[in-house]
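Novice: After the structure tokens below, expect a handful of questions from me.
The values are calculated or read from the model by the stated rules, or taken from the named source; none is laboratory data. All of these numbers come straight from a predicted model, not from anything done at the bench. Here the Cβ positions follow ideal geometry from the backbone for every residue, glycine too, while neighbour counts run over all protein chains shown. Heavy atoms of the whole protein, side chains included, go into the accessibility calculation; ligands, DNA and RNA do not. Shrake-Rupley method; radii C 1.70, N 1.55, O 1.52, S 1.80 Å.
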Amino acid sequence: MSGAQCLSALASALATGSVQIVDLTQMLSEDTPLLILPEPFGQTAAFSREEISRYDERGVAWHWNNFTVGEHTGTHFDAPVHWVTGKDLADNSVDRVEVGNFVAAAVVLDFSRECRDNPDFLLTSEHIRSWEAEHGAIPEGSWVLFRSDWSKNTGDAYTNRQPDGAHTPGPAADAIRYLLDRGIRGFGTETIGTDAGQAHLLDPAYPAHTLLHGAGRMGLQCLENLDRLPATGTILICPPLKIRDGSGSPLRVLALIPS
Ligand code: MN
């Protein structure tokens, strides 16, 4: 099929609804949950806004706001420059990451049952191999989305902060190494980071950040609606804002799936 025929088929599939669009984005608001680091580290800013005008004397016919938000607040994109291991790579910031990373195939690894029973569940290469035995090898150039159903938690249950830190699922180092061997573009999660809440205890610490970004790969976090996606066959659309030298960006994440 030529490119023109392919796009024409996609246009009619979108028009007829045989290809459906799923929004994977958390609501961005003053209530969006935040990652909180221990002292003495700096903190990401919550989303906040100030009204410029709302059809009033400040602007009779128009409504608009200014807003403030951290690069890593809410559903957001992690560029390789976010982590020290990716700091010297070429094209490592959101403005320079190759745009092919923003529209690409995705697979969904469903380990929601395991995460329901264990908030500290670690995804291992063994889990990925068992997934591949059922669904086929993860294609090179794919995004890998880790379905935990964690996004169904709200409030304190979502961040799940305990006296010894957050307890949320994530990948083990060997899982990330395995995915890098598969040539993935990036790794996406429903939790507040691409790493588990207790990932500071792993070797290396924060393996998703350390290994993915060191290899020039990307991260997505605070995704939702992964339970609406098939295991294979999704097209993911995830362009971050084009912030000069930006380490990440809040964004809208969409999935194209067959109905
Ligand atoms: Mn981040």
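Novice: Rounded to the nearest 10 Å², what accessible area does Arg49 have for a 1.4 Å probe in the complete protein model?
Specialist: My reading of the accessible area for Arg49 is about 120 Å².
Novice: Mean separation of Cα pairs under 8 Å and 6+ residues apart, divided by the residue count of the chain: what relative contact order is that in percent?
Specialist: 29 percent
Novice: Rounded if a/c is under 1.5, else prolate if a/b is larger than b/c, else oblate: which is the range 1-137, with a ≥ b ≥ c the root eigenvalues of its Cα gyration tensor?
Specialist: Note, shape of the range 1-137 comes out oblate.
Novice: While we're on this one: Which whole-number value in Å² is the accessible area per residue of the range 68-153, probe 1.4 Å?
Specialist: 45 Å²
Novice: Using the Cα gyration tensor of the range 117-259, with a ≥ b ≥ c the square roots of its eigenvalues, what is the shape: rounded (a/c below 1.5), prolate (a/b larger than b/c) or oblate (neither)?
Specialist: rounded
Novice: If you rank Met1, Met27 by how much accessible surface each has, with a 1.4 Å probe, what is the order from largest down?
Specialist: Heavy-atom accessible area, descending, gives Met1, Met27.
Novice: Pairs of alpha-carbon atoms within less than 8 angstrom and 6+ residues apart define the contacts here; what relative contact order does the range 111-259 have, in percent?
Specialist: It comes to 23 percent, rounded to a whole number.
Novice: Continuing with this model, one more query. Ordering Glu134, Glu39 by accessible area with a probe of 1.4 Å, largest first, what comes out?
Specialist: My answer, sorted largest first, is Glu39, Glu134.
Novice: Treat each spin label as a single point 7 Å out from the Cα along the C-beta direction, and report the Val60 to Arg113 distance in nm.
Specialist: Those two pseudo-labels are separated by 6.5 nm.
Novice: With both partners inside the chain, how many of the DSSP beta bridges are antiparallel, as a percent to the nearest 5?
Specialist: 65 percent
Novice: Leaving ligands, DNA and RNA out of it, rank Asp56, Asp88 by accessible area with a 1.4 Å probe, largest first.
Specialist: Result of the area sort, largest leading: Asp88, Asp56.
Novice: Next question, about the same structure. Springs between alpha-carbon atoms under 10 Å, Gaussian network over the chain: tell me which of Thr154, Thr189, Thr232 tops the mean-square fluctuations.
Specialist: In the Gaussian network model the winner is Thr154.
Novice: Something else: Identify the residues of the range 228-259 with backbone N under 18 Å of a label point that sits 7 angstrom from the Cα of Leu14 along the Cα-to-Cβ direction, or state none.
Specialist: Residues 234-240, 252-259 qualify, since their backbone N sits under 18 Å from the label point.
Novice: Suppose we keep just the DSSP beta bridges with both residues in the range 1-153; what percent of those would be antiparallel, to 5?
Specialist: 60 percent
Novice: Quick check: residue separation of Leu180 and Glu126 times 0.36 nm, minus the Cα distance between them. What number comes out in nm?
Specialist: Between Leu180 and Glu126, full extension yields 18.0 nm more.
Novice: When the accessible area of the chain is computed with all protein chains present and a 1.4 Å probe, what percentage of it is carbon and sulfur?
Specialist: Ligands and nucleic acids excluded, carbon and sulfur reach 55 percent.
Novice: At 1.4 Å probe radius, can you tell me the per residue accessible area of the range 161-211 in Å²?
Specialist: On a per-residue basis, the range 161-211 sits at 36 Å².
Novice: Next question, about the same structure. Distance in nm between label sites at Asp245 and Ile21, each 7 Å beyond Cα in the beta-carbon direction?
Specialist: In this crude label model, Asp245 to Ile21 measures out at 3.5 nm.
Novice: Considering only protein heavy atoms, what is the solvent-accessible area of Glu132 at a probe of 1.4 Å, reported in Å² to the nearest 10?
Specialist: 20 Å²
Novice: Given the DSSP H assignment, sum -39500 (n - 2.57) over each helix run of at least 4 residues in the chain and divide by its residue total; what's the result at 222 nm in deg cm²/dmol, nearest 500?
Specialist: Taken over the chain, the calculation gives -5000 deg cm²/dmol.
Novice: Related question: Could you tell me whether the range 66-176 comes out rounded, prolate or oblate from its Cα gyration tensor? Rule is a ≥ b ≥ c as square roots of the eigenvalues, rounded for a/c under 1.5, then prolate if a/b exceeds b/c, otherwise oblate.
Specialist: It is oblate, given that a/c is not under 1.5 and a/b is not larger than b/c.
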